[in-house]
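Trainee: Pasting a structure here, questions to come.
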Amino acid sequence: MTDELLIKFLLKETSEEETTAIEKWLAADPANISEFLELEKIWERSQLLAPKSPVDETKAWLNFKEKLSKKEKPLIQAIENTMPIKGVIPMKRKYTWINIAAVFVLMIGALIFYEVLTTEKYMELAANQEVIVQKLPDGSELTMNKKSALSYASEFKKDRSIRLDSGEVFFNVAPDKSHPFIIEVDEVSVKVVGTSFNVKHMNQQTEVIVESGIVKVSLKGETINLVAGERVLIKPSSTQLLKEQNQDQLYNYYRTKVFALKNTELWKLANVLNEAYDANIKVDPAIRNLSLTTTLKQNATLDYNLEIICQSLNLTYSSNGKEILLSNKK
């Protein structure tokens, strides 16, 4: 659509055929509506659309021209080319605000119609108090830890996009080179083709651990590639992406049903036990960095596993009904 024709339409100088063409153009894309509304806004500020106001038309045109020049100089020339008298734009009084309202109704209707047809629909999926396994339409498989929530595109075979709102999910992605598998977590983007990896988003932190294949992680324009055995932890204060070797398999407890510890620090183990048992374990700062190598079963009681931890590290634990404190023996 040319600028000249849009200006003619704004000035009510278009023919019936031209008007129909512009109306179809407006209905085709919300961006077209935005472009027209921007021009309409400048017009209104110049008071050229008030049919009953005794405006000095020459002065009003100069004012409109000055405002418009700050936006698009080519439009000014287009307007001038449509003027029957240089410097003056005659207003046709037969047009009323009803005509103008009709144009806006058309544009709003077109915008609603466009959004209904083009807005991507997402299917919500949540794991509440238990771990769930879910197959996606493309053949990929998700294992969601409890208290996790995400949504995925309804046309997933064509648009393999997922939004992880909270929690922890293990992705086993079906290969499809023509349709990358993309996960959005706040400002973090994870992109793969066919691979397996774990994503955890909790307490404003995002952790990605790769088991197989290559995973591309992006944040604010920076991108890194992770391969099997590597991880990245992204905090709100992170200014760059730093990958490192993953040291244990503790993150996998909700899939394997065991807590696999390998020189795992006590504070980290306590955090995972809190998630698994809905507990509130606190670790004395003096022992928080003690490490442990062993395997604990998730189907065992929390007290049983705490006893093993305390025996292994010569610790003790106590409970006041609200929290459990791990500390050195006195």
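The values are calculated or read from the model by the stated rules, or taken from the named source; none is laboratory data. All figures in this text were calculated on a predicted structure; none of them were measured in a lab. Glycine gets a Cβ as well: all are built from the backbone with ideal geometry, and neighbour counts include every protein chain shown.
Trainee: Could you list all residues from the range 122-136 that are closer than 21 Å to LYS157 by Cβ and surrounded by 12 or more Cβ atoms within 10 Å (Cβ to Cβ)?
Mentor: Within the range 122-136, TYR122, MET123, LEU125, VAL133, GLN134, LEU136 qualify.
Trainee: Output yes when any residue across the range 228-247 is more than 31 Å from the chain's Cα centre (by Cα) and at negative phi, and no when none is.
Mentor: Within the range 228-247 (the criterion being more than 31 Å from the chain's Cα centre (by Cα) and at negative phi), the answer is no, since none of the residues qualifies.
Trainee: Take the conditions under 30 Å from ASN328 (Cβ atoms) and of a type in the set (Lys, Arg) and apply them to LYS243. Does it pass?
Mentor: no
Trainee: Okay, moving on. Going through the range 1-33 one residue at a time, which ones are buried (at least 16 other Cβ atoms within 10 Å of the Cβ), among the hydrophobic types (A, V, I, L, M, F, W, C), at pLDDT below 80 and assigned to a helix (DSSP H, G or I)?
Mentor: Within the range 1-33, LEU5, LEU6, ILE7, PHE9, LEU10, TRP25, LEU26, ALA27, ILE33 qualify.
Trainee: If I filter the range 294-304 for residues that are among the small types (Gly, Ala, Ser) and more than 29 Å from VAL185 (Cα to Cα), do I get at least one hit?
Mentor: Yes.
Trainee: For a quick check of your reading of the model, give me the residue pairs whose first member lies in the range 121-137 and is assigned by TED's automatic domain parsing to the domain that holds PHE170 and without any contact (Cβ under 8 Å) to a residue 40 or more places away in the chain, whose second is among the basic types (Lys, Arg) and surrounded by 11 or more Cβ atoms within 10 Å (Cβ to Cβ), with beta-carbon atoms closer than 6 Å and at least 6 apart or on different chains.
Mentor: From the range 121-137, the pairs are GLN129/LYS146; GLU130/LYS146; PRO137/LYS157.
The rows are residues; the columns are (1) buried (at least 18 other Cβ atoms within 10 Å of the Cβ); (2) within 16 Å of SER140 (Cα to Cα); (3) within 17 Å of the chain's Cα centre (by Cα).
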{"position": "PHE170", "(1), (2), (3)": "yes, yes, no"}
{"position": "ASP176", "(1), (2), (3)": "no, yes, no"}
{"position": "GLU184", "(1), (2), (3)": "no, no, yes"}
{"position": "VAL188", "(1), (2), (3)": "yes, no, yes"}
{"position": "VAL193", "(1), (2), (3)": "yes, yes, no"}
{"position": "HIS201", "(1), (2), (3)": "yes, no, yes"}
{"position": "VAL215", "(1), (2), (3)": "yes, yes, no"}
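Trainee: Name the one entry in LEU241, LEU296 that is of a type in the set (A, V, I, L, M, F, W, C), closer than 20 Å to GLU211 by Cβ and in contact with a strand residue (DSSP E or B) (Cβ under 8 Å, 6 or more places away or on another chain).
Mentor: Sole residue among the options that is of a type in the set (A, V, I, L, M, F, W, C), closer than 20 Å to GLU211 by Cβ and in contact with a strand residue (DSSP E or B) (Cβ under 8 Å, 6 or more places away or on another chain): LEU241.
Trainee: Being polar (S, T, N, Q) and in the same structural domain as LEU164 (by TED's automatic domain parsing) narrows it down to one of GLN298, GLN205, so name that one.
Mentor: Exactly one of GLN298, GLN205 is polar (S, T, N, Q) and in the same structural domain as LEU164 (by TED's automatic domain parsing), namely GLN205.
Trainee: Can you pull out every residue in the range 288-302 that is under 15 Å from LEU261 (Cβ atoms) and β-branched (Val, Ile, Thr)?
Mentor: Result: THR293, THR294, THR295.
Trainee: Does LYS268 satisfy being in the same structural domain as GLU307 (by TED's automatic domain parsing) and outside any helix (DSSP H, G or I)?
Mentor: Against the criterion (in the same structural domain as GLU307 (by TED's automatic domain parsing) and outside any helix (DSSP H, G or I)), LYS268 does not qualify.
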